[in-house]
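**Q** Okay, here's the structure, questions in a sec.
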There are 6 protein chains.
Amino acid sequence: MSEVAGKMAIQVGAACLEREHGGKGLLLGGVPGVRRGRVAILGGGVVGTNAAKMAIGLGAEVNLLDINLDRLGYLDDIFLGRVTTLHSDVAQIERAVSEADLVIGGVLIPGARAPKLVPEALIAEMSEGSVVVDVAVDQGGCIGTCVPTTHDHPTYVKHGVVHYCVANMPGAVSQTSTFALTNATIKYATQLADQGLSGAVEHNRALALGVNVYGGLVTHEAVARSLGKTYVPLAEALARGDGKASAARKGGAKAKAHAGA
Amino acid sequence: MSEVAGKMAIQVGAACLEREHGGKGLLLGGVPGVRRGRVAILGGGVVGTNAAKMAIGLGAEVNLLDINLDRLGYLDDIFLGRVTTLHSDVAQIERAVSEADLVIGGVLIPGARAPKLVPEALIAEMSEGSVVVDVAVDQGGCIGTCVPTTHDHPTYVKHGVVHYCVANMPGAVSQTSTFALTNATIKYATQLADQGLSGAVEHNRALALGVNVYGGLVTHEAVARSLGKTYVPLAEALARGDGKASAARKGGAKAKAHAGA
Amino acid sequence: MSEVAGKMAIQVGAACLEREHGGKGLLLGGVPGVRRGRVAILGGGVVGTNAAKMAIGLGAEVNLLDINLDRLGYLDDIFLGRVTTLHSDVAQIERAVSEADLVIGGVLIPGARAPKLVPEALIAEMSEGSVVVDVAVDQGGCIGTCVPTTHDHPTYVKHGVVHYCVANMPGAVSQTSTFALTNATIKYATQLADQGLSGAVEHNRALALGVNVYGGLVTHEAVARSLGKTYVPLAEALARGDGKASAARKGGAKAKAHAGA
Amino acid sequence: MSEVAGKMAIQVGAACLEREHGGKGLLLGGVPGVRRGRVAILGGGVVGTNAAKMAIGLGAEVNLLDINLDRLGYLDDIFLGRVTTLHSDVAQIERAVSEADLVIGGVLIPGARAPKLVPEALIAEMSEGSVVVDVAVDQGGCIGTCVPTTHDHPTYVKHGVVHYCVANMPGAVSQTSTFALTNATIKYATQLADQGLSGAVEHNRALALGVNVYGGLVTHEAVARSLGKTYVPLAEALARGDGKASAARKGGAKAKAHAGA
Amino acid sequence: MSEVAGKMAIQVGAACLEREHGGKGLLLGGVPGVRRGRVAILGGGVVGTNAAKMAIGLGAEVNLLDINLDRLGYLDDIFLGRVTTLHSDVAQIERAVSEADLVIGGVLIPGARAPKLVPEALIAEMSEGSVVVDVAVDQGGCIGTCVPTTHDHPTYVKHGVVHYCVANMPGAVSQTSTFALTNATIKYATQLADQGLSGAVEHNRALALGVNVYGGLVTHEAVARSLGKTYVPLAEALARGDGKASAARKGGAKAKAHAGA
Amino acid sequence: MSEVAGKMAIQVGAACLEREHGGKGLLLGGVPGVRRGRVAILGGGVVGTNAAKMAIGLGAEVNLLDINLDRLGYLDDIFLGRVTTLHSDVAQIERAVSEADLVIGGVLIPGARAPKLVPEALIAEMSEGSVVVDVAVDQGGCIGTCVPTTHDHPTYVKHGVVHYCVANMPGAVSQTSTFALTNATIKYATQLADQGLSGAVEHNRALALGVNVYGGLVTHEAVARSLGKTYVPLAEALARGDGKASAARKGGAKAKAHAGA
C-alpha cells in the first residue's frame, strides 16, 4: 500500500495548495512563464519514490532526501536528473523544508515509531499557505506538528501551514487500494484455503510470523508482553488448538485466527 | 490562462475520482500491478495539451482527440508515443468517452459557444463514479450534461458521473494565475502608462480592439448593439474625448477607459 | 538469448499484424489520429521486459502481467508510466488478452514446462486478425493453442488469430544471437582451454553442473534416469576418466565431453 | 499516409534484416553486450521523422539527413539527442549510407520525381546483407538501385543488399491506413455531400485544385497536356456542366467527377 | 552558429565552476546526495534553448527566462517539465540570477546592441565563485559587468564572480563550427559559383542584402553612412561594374565583392 | 567519489576536445546538421555509469563496455536505448576505441591494479586531436599510455591524442566532493564520537577493517608486510593501547588512530 500512499500524498498535497483548501493558491507544475512549486520528500523508500514519480509528473521541482546513499544512487539511475537527491541530515532538511511549498513525510521504519525529522520550529519557517503531508502519521509521524486526521476533516492549519494527516490515505482510492492489497495477500489466502491454517503456517514462515492469536492464545511475543498476556509459541498453540478444535467441532466453537500481512 | 485551466482540469479530476468526492475510488496513475485510469481529452489546443502533460505525468492512459491532423502530428512529435492521438469524430468520441474514467472537455472556439461534442446519452454510458471536467463550461460547455458550478459547490452527480464544472477554475490557484495573467498583460499596461490611452491604442492595434467604452461612448460595435447603444468608432471617441479631457482637466473629471485583453 | 527472443517477439508480432501475413492490417504504433495497437505481455522477466521495451518503442499501448510484485515495481521504476503493469491472475489475463491486438507469451520457468496461462477459449475471444507469439513454445508454451513451428512455415491461423510459434526465434537474427551467446559462454570456453576439463569443472561449479556425459559415463542424474543409464557422479567419472584417458592417449581414443551452458 | 509509410519503412526494414528475408541476421536494437544496428534516413520530412521515431523506438542508432537546417533544428528539439541530424550533402550521404545496416529513402518532392541521392556505386559499398527501403519508389525513388516491387514479391537483392521497394507500403496495414486516409479526406467528402460538387469547389480551393475531369472535360492543365486533350478551366466546365447536367437529368446521364486529394 | 555558442556556454561555464578556473568547486550535475548547480539562462532563442539542452543534460536545475510567452510555451512542450520557464522581468531576473551558480546571457537582438538585463549590483549579489557567461558580449553583452575576452585569457573575476566573455566562443570547437557554418552558407556559395555574382544577387534577395561593396562602390546604405562614403544601390553598382568588369578584363583588374551572410 | 570522477571525466574530456586544450575542436554534442562526438567508456561500474549519464546529457554517441552481462542488462534498463552497451573483449575494445573521439578509462578493481585494457598501439590508431581520460590512473591506469598528471599540468599529448590523467580529479570540484565524502563517512565519524575508537571498531566491522595503525602498532597485515613492520591484530593493539592510553593520559601522550574509509 506504500505505492498508493506515496502517490496519494502528492495528489492531496497539490489539492491542498489550492486556495479553497487553505493553500497559497499555487499550481504545483506552474505554467510557462510562472514558477513551479518546490516539493521536499523525506525518505526515498517506496513511499518517497512514488511521491517523487508523481511530483515530477505534475511538473514540480523535487528534492528527495534519504540517508542511504546506495538508494539515492538507484533513484538517480531511474530518474536521470529529474530529481535532486540529497543526503538527509539536519542542514539539508532545514534548507529543503524551509524552501518547499509542499513537504512529504515518507519515512517509515517497520515496526517502530517514525523518527521526528522536522521539528515544529522548522515548520514555522515555511511560507504562509505551504502544505505538509505526513504519510507516516499513523506511526507517530516524522514531522513534529502532525497529528492524525480523518477523511471527514482531513486538514488543519498550524503556523500558517496546511497539514494533511489522514491516517488511512489509501482509503480515498478504495478501488485501487483493494486491488493492490489483494494482489499482495492473495497468495496467503490461497495457501490458507488449500492447506488450512496449520498446514499453511508450517510451509510459509512469513505467514507464521503474522499470526498473533490462535485458539485464544497469544502467539506473538511482543503482543503478549504489551497486553500482559502469557506468550505461547505458535507451534505449541497449534498443537493445543488441534485438540481444542477437535473438541470444538463437537461443541460448535470456531477456532479464530487473526493474520496480519 | 488556458495552461492553468488545462493543468487544473486533471488535478481536480484526479481528486474527484477519490471516494470522498463521489468518485469510484481510483488512483489515476495506478500502482504496480493495478490498472491505471483512462483519460479522454477532447481538444488538443492549449487546454488539451496541458491536460495531457498532467495526465501523463500522473501516470494515466491518455486518449486525446482533435480534428486538426497537423496539431495531432505536433502532439505526437512532442509526446513521442506517450498519448494516443485520435481524430475527433462521433465514433472515436463514443469509444473514448465510454471507456474513460475521466473526461476533460477542452474544446474552446474563441468568441463562440463551444460545440456540444458529448451528448447526455453518452455520459450515461460511463461507468459509475467516473468524472467529467468541462473547461469550456463558461462558453456553454462541450459536454451535454455540464452546467456551471462554483468553488463553493464545485461538483454534482448525474447518471452516476461526477461533474466538476467550476466556471473560473484558475481562481483556485490564484497565485499562479495572477502571475500568468500579469505576464500576458503587462506589456499592455506598460504601453498605457508610457503613452497614455490615445497613444497606446494608436500604436497597438491589439489594444485598440479591446477598448469597449471610452469617455462614455461605446466603441465596440457588437457591445453597442447588444446594449442598444449608439456605436462610436474608437478614433472618433478619442477625438471627442480629447476635447472632453481638456475640459475635464479643468473640472476634475477623469476619462474612464475599460480595456479587456 | 532471452533478450533476443523478447525483442524478436514484438518484431515478428508487428509483422504478423500486416495484411500479407494474415493479420488485421494494423500498424502497432498507429499514426496521429488513428489508434495504436494494444499489446499484452505475459511475464515480466527478461523476455517480457525486452518485449515491453520494443513495444513501447514501436508506440503501442502495453499491458505487462506478472505475479511478482517486486518485479512489477522495478519495471514501473524503469518505464516510469509508459507501460501498465498488472498482477497476473485469471481476471486480468482475460481482460488483457481479449482486448489485445498482440499477445506475447513470455513465461518461462527454468527446467520446467511453462504454465498454460491462456486457455483456447480465451484465444477464441480475440478479434479476427489478432496475433499471438509464444516465446515459451519449446517448453510447451504458456498459450493453449500454440504448437511449435519453423522459420520455413512460421505461422498458422486458429480461431482467426495468427500464431507465430517458431521454437528457435533468435535464429532469425543469427549475427546478433551468435554474439549474445558467445558473450555469455566465452568465459567457460576460456576456462576449459586454460585448465582442461577436470581443472575447469573443479574451479567452476556452474560448469560442472553442465557436464552430462564424461568418458562414456552419464554424469547427470536426471539424464541418466531418462535414458535408463547408470548415473555416475562427475567426480567419480573424472577419476575413472583420467585413467582411461591415460590409456586412451596410447590407443588414440579421445575423451568426449558435452557441456551444456 | 506519409506517417504510415515512414513507420512501415522501419518495420519492414527490421524484418528484412532477419536471415529468412535475406538480411545479415541483425536485430536492429541489439541486446545488452551486442551492437545495435545503424540506420540512415534520407529526408527529415513526415516520412523521415516517423521513420526516426520507430528506429529510435527499436533501439537503433539513427543518422537523419536533410538539407533544411530549420527542420533539423526542430528534429533536434523533439528528439533531444536521440538521433544524429546531419546536413545532407554528398560527403555525409556517403559516410552515413556506407556505414548503415538499413537505409531509408524518404525524400519526396510533391509533384516531382525524387532526386537520386544514392548512386548505385554507393549501394555497392554497403556490407553484405544490409537493407534498403525506398519510400519514394513510386516517384522514381531517391536510391539509384530501387525499382518498384509488390507485396507478393516485395524484395530483391542487388550488390548483396536487400531492396524492399513496394510502391504501396501502407497497403500492408490497411486498417490503420484506411482510418488515416479517411481522417484526412472526410472533410472534403462532407463538403461534397452538403454542397454538391459546384458548391464545394467554389468554397474550397484545395478541393477545386483536385478536380481533373468534369463532365467529360479535362479541367487540369498538366493532365490535359499529357493526354493531348483540350484544357477547359474548371469554372467553365462547371458552367457547361450545369447546362449538360440539366439536360442530362432528363436523359439519365450522370455527371462524373474524379477528385484526387 | 548560435547552436554552437549556446552549447559551448554551458560547457565552459561548467569548467569555470571548477576550482582551478576560479569557480566554487561545484559539479553542475551534482552526485546522489549532493545538490546540483542552478543555472539561469537569459533568453529562450536558439542560444538559450541549446544552453538549456546542455544544462539539463549535465543534470543541473535550469531556470530559463524570456519575454515571449509563445516561445516559453514551445519550450515547455519540448522539455516537458525538465526546465522552469520564467517570464523575464526585473523581479524574476533578480531572483534567478541571485540564486544561480551559473548565469548564461543569451539575449541577442539581430543588428542591435543587446539590452543590459543584469546590472552590476545584481552580479555583486551572486555567491563567491559563481560564474557568468555572456554569449552576447560581442554585441555589447546583456550583463553589466561583461567585457570581451579572448581564448588566451578567457576569464576574469569581478565581485568574486568568474566572467567568461570570449567574443568568438565557437572558435574553440572549430571543426564543429566550420561544418555548421558551411552547412548554412553552402547554398549561397553554390549559387555564386553557378550564376556569377550578378546572377546570384538577382535571384536571391537574401544574398543581395549581404553585399556591402561592389566594384569599389559602397552598396549598403548604413555602411556608406558610417564610413562617410557615397551610397550606390547594388543594382546601379552592378550595372556600372559590368562595364568596369568588361574594361577590367582587358586591364587585369578584378572586381571585388564582399558578401556577409 | 566514483560518481564525481565519472561525471568529471566527461566534463574535462569535452573541454580537452576544444582547440585551446589541444583537441580536434569538436563539440561533443554536435549541432543540428553536424555530427556528434563518439565516446567509448571502458567499465560500466559507478564511474562508467555516471560518465555515460553525462555523455548522453551532452548529446554524444556512447559505447559502454563491460564484461558483466547482468550489469549491461541493468544499464540497458535505465538508459532505454540511449547508449550502446558492448561486451568488453579485445575486438570490441579495438573497434570502440579506434572510432572514438573521447575514451574514458573507468575500470577499477578495488585493492588491485587496473587491468591494461587499451595498449599503446590502439591509442596510436585514434584520430589526431582525440582525447583520453583515465579515471583509474592512480591505480596504474587501464590505458597503456596514461601516467598520472596534476591539476597544474593536467594534460599531455602522445600519438596526437590528448591525455588527461589527473590522479585526483574530484579535487577540481571540491565543494561537491567534500559533501559527497562527508555523506559517505559521517556515520563513521558519528560512531567514533559517540563510542570512542574501541567501542566503534567493536560494533562496526567496516570501520575496524580501516584501522591501519593503532598506538604505534601496525594493525593491517598487508601494510605491516609492505613496511617490514610486525603485524599486530587490532584487538590485541586495542588491549595494549588501553593500557598505554591509561598511562598516556597521565603523561599527556595521545593515542593516534588513522582510519581509512
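The values are calculated or read from the model by the stated rules, or taken from the named source; none is laboratory data. Please read these numbers as outputs of a predicted model, since none were measured by experiment. Cβ: placed from backbone, ideal geometry, glycine included. Neighbour counts: every protein chain shown. Note: areas computed on protein heavy atoms with side chains; ligands, DNA, RNA excluded. Shrake-Rupley method; radii C 1.70, N 1.55, O 1.52, S 1.80 Å.
**Q** Order of C:134-140, A:12-18 by packing, highest average Cβ count within 10 Å first?
**A** A:12-18, C:134-140
**Q** Continuing with this model, one more query. Report D for the stretch C:1-57 in µm² per second (integer): Stokes-Einstein, Kirkwood Rh on Cα pairs, 10 °C, 1.306 mPa s.
**A** The calculation lands on 135 µm²/s.
**Q** Using DSSP to call loops (not H, G, I, E or B), can you name the trypsin sites (Lys or Arg not before Pro) in the stretch B:102-176 whose Cβ has at most 13 other Cβ atoms within 10 angstrom?
**A** Here the sparse-neighbourhood loop sites are B:113.
**Q** Still on this structure, please answer the following. Enter the angle in degrees (range 0 to 90, nearest 10) between the Cα long axis of helix A:90-99 and the first principal axis of the Cα atoms of chain A, meaning the one along which they spread out most.
**A** Compared with the principal axis, the helix lies near 60 degrees.
**Q** A further question on this structure: Residues with amide H under 5 Å of residue A:41's amide H, sequence separation 5 or more or different chain, H placed in the peptide plane at 1.01 Å from N; which?
**A** Those lying under 5 Å, H to H, from residue A:41 are A:63, A:64, A:65, A:104.
**Q** Can I ask one more? Counting heavy atoms of the protein chains only and a 1.4 Å probe, report the per residue accessible area for the stretch C:6-160 as a whole number of Å².
**A** On a per-residue basis, 32 Å².
**Q** Taking the inverse of the average 1/r across all pairs of different Cα atoms in the stretch F:89-209, what Kirkwood radius in Å do you get?
**A** Hydrodynamic radius (Kirkwood, Cα pairs) of the stretch F:89-209 is 16.6 Å.
**Q** Tell me the angle of helix D:234-251 to the major Cα principal axis of chain D, expressed in degrees between 0 and 90 and rounded to the nearest ten.
**A** In chain D, helix D:234-251 runs at an angle near 60 degrees to the longest axis.
**Q** Going by the rotation axis that takes chain D to chain E, pick out the residue of D with the closest C-beta and quote the gap in whole Å.
**A** Result for the D and E rotation: D:78, 3.
**Q** Would you please classify the overall shape of chain C from the alpha carbon gyration tensor, given that a ≥ b ≥ c denote the square roots of the eigenvalues, rounded means a/c under 1.5, and beyond that prolate means a/b larger than b/c while oblate covers the rest? Walk me through the numbers before you get to the answer.
**A** On the way: a/c = 2.48, a/b = 2.33, b/c = 1.07.
Here chain C falls in the prolate category.
**Q** Run the quick spin-label model on residue C:195 and residue D:178: label points 7 Å from Cα toward the beta carbon, then report their separation in nm to one decimal.
**A** Result for the modelled spin labels: 6.4 nm.
**Q** What fraction, in whole percent, of alpha-carbon pairs in the stretch D:151-237 exceed 20 Å separation?
**A** 58
**Q** While we're looking at this one, here's another question. Amide H of residue A:130 versus every other amide H placed in the peptide plane: which residues, excluding those fewer than 5 positions away on the same chain, fall under 5 Å?
**A** Amide H to amide H, under 5 Å and 5 or more residues apart or across chains, residue A:130 pairs with A:162.
**Q** What relative contact order, as a whole-number percentage, does the stretch A:25-173 give when Cα pairs under 8 Å and 6 or more residues apart are counted?
**A** The value is 19 percent.
**Q** In addition: Which order do the peptides E:218-226, F:3-11, A:220-228 come out in when sorted by mean C-beta neighbours inside 10 angstrom, highest first?
**A** The peptides rank, most packed first, as F:3-11, E:218-226, A:220-228.
**Q** Still on this model: So what's the convex hull volume per residue for the Cα atoms of the stretch F:51-157, in Å³?
**A** It is 115 Å³ per residue.
**Q** Sort shortest first the distances from residue B:91 to its counterpart in every other copy, using label points 7 Å along the Cα-to-beta-carbon line, and give them in nm.
**A** 3.2, 5.2, 5.3, 5.3, 6.5
**Q** Between residue C:235 and residue B:20, what is the spin-label point distance in nm, taking each point 7 Å from the Cα along the Cα→C-beta axis?
**A** Here the answer is 6.6 nm between the modelled labels.
**Q** While we're on this one: Calculate the length of the line joining the C-alpha centroid of the stretch F:90-163 to that of the stretch A:6-77, in whole Å.
**A** Each part reduced to its Cα centre gives a spacing of 42 Å.
**Q** Still on this structure, please answer the following. If I fit a long axis through the Cα atoms of helix A:174-203 and take the longest principal axis of the Cα atoms of chain A, what angle between them do I get, 0 to 90°, rounded to 10?
**A** 30
**Q** Give me a single rounded figure for B:64-70: the average over its residues of other chain Cβ atoms within 10 Å of their Cβ.
**A** Mean shielding by partner chains, rounded to a whole number: 3.
**Q** Of the accessible area of the stretch A:27-69, with the probe set at 1.4 angstrom, what percent is carbon plus sulfur?
**A** 58
**Q** So, one more: What Rg and what Dmax come out for the protein assembly as shown when only alpha-carbon atoms are used, in angstroms?
**A** 36.5, 131
**Q** Estimate for me the total accessible surface buried between chains C and B (protein heavy atoms, probe 1.4 Å, no ligands or nucleic acids), in Å² to the nearest 100.
**A** On the way: alone 13930 and 13990 Å², together 26350 Å².
Chains C and B together bury roughly 1600 Å² of accessible area.
**Q** Based only on Cα atoms, what mean projected area does the convex hull of the stretch D:1-101 have, in nm²?
**A** Here the figure is 6.5 nm², rounded to one decimal.
**Q** Calculate for chain F the 222 nm mean residue ellipticity that helices alone would give, adding -39,500 (n - 2.57) per DSSP H run of length 4 or more and normalising by residue count, nearest 500 deg cm²/dmol.
**A** That calculation yields -14000 deg cm²/dmol at 222 nm.
**Q** If you don't mind, another one. From the backbone phi of the stretch B:204-212, what are the Karplus-calculated ³J(HN,Hα) couplings (6.51 cos²θ - 1.76 cosθ + 1.60, θ = phi - 60°) in whole Hz, Gly and Pro given as x?
**A** Once θ is set to phi - 60°, the couplings for the stretch B:204-212 become 10, 4, 4, 5, 4, 5, x, 7, 9 Hz.
**Q** While we're on this one: Would you work out which of C:228, C:68, C:173 lies farthest towards the positive end of the dipole of chain C? Charges go on Cβ: Lys and Arg +1, Asp and Glu -1.
**A** Value: C:228.
**Q** To check you understand DSSP bridge types, tell me what percent of the beta bridges within the stretch F:15-98 (both residues inside) are antiparallel, rounded to 5.
**A** Here the share of antiparallel DSSP bridges comes out near 10 percent.
**Q** Let me have the relative contact order for chain F, percent, based on Cα pairs under 8 Å that are six or more residues apart. Walk me through the intermediate numbers first.
**A** Details: 475 pairs, mean separation 36.7, N = 261.
Rounded, it is 14 percent for chain F.
**Q** Under 5 Å between amide hydrogens, which residues at least 5 positions from residue F:88 or on another chain qualify, with H placed 1.01 Å from N in the peptide plane?
**A** Under 5 Å from the amide H of residue F:88 lie the amide H atoms of F:66, F:67, each far enough along the sequence or on another chain.
**Q** Can you work out the FRET efficiency for the pair residue C:67 and residue C:168, with r the C-beta to C-beta distance and R0 = 30 Å, to the nearest 0.05?
**A** 0.65
**Q** What gaps in nm, shortest first, separate residue D:229 from its twins in the other copies when you place the label 7 Å past Cα toward the beta carbon?
**A** Distances between equivalent label points, in nm: 6.1, 6.1, 8.1, 9.6, 10.4.
**Q** Continuing with the same structure: So for the protein assembly as shown: antiparallel DSSP bridges make up what percent, rounded to the nearest 5?
**A** The antiparallel proportion sits near 30 percent.
**Q** If packing is taken as the mean number of other Cβ atoms within 10 Å per residue, what is the order of C:34-46, C:78-90, F:181-193, highest first?
**A** The most tightly packed comes first, giving C:34-46, C:78-90, F:181-193.
**Q** On average, how many beta carbons from a partner chain sit within 10 Å of the beta carbon of a residue in C:80-92?
**A** Mean shielding count: 6.
**Q** Something else about it: What percent antiparallel are the DSSP beta bridges of chain C, to the nearest 5?
**A** Looking only at bridges with both residues in chain C, the antiparallel portion is about 30 percent.
**Q** Across peptide E:51-63, how many C-beta atoms of other chains are within 10 Å of each residue C-beta, on average?
**A** Taking all residues of E:51-63 together, the mean is 5.
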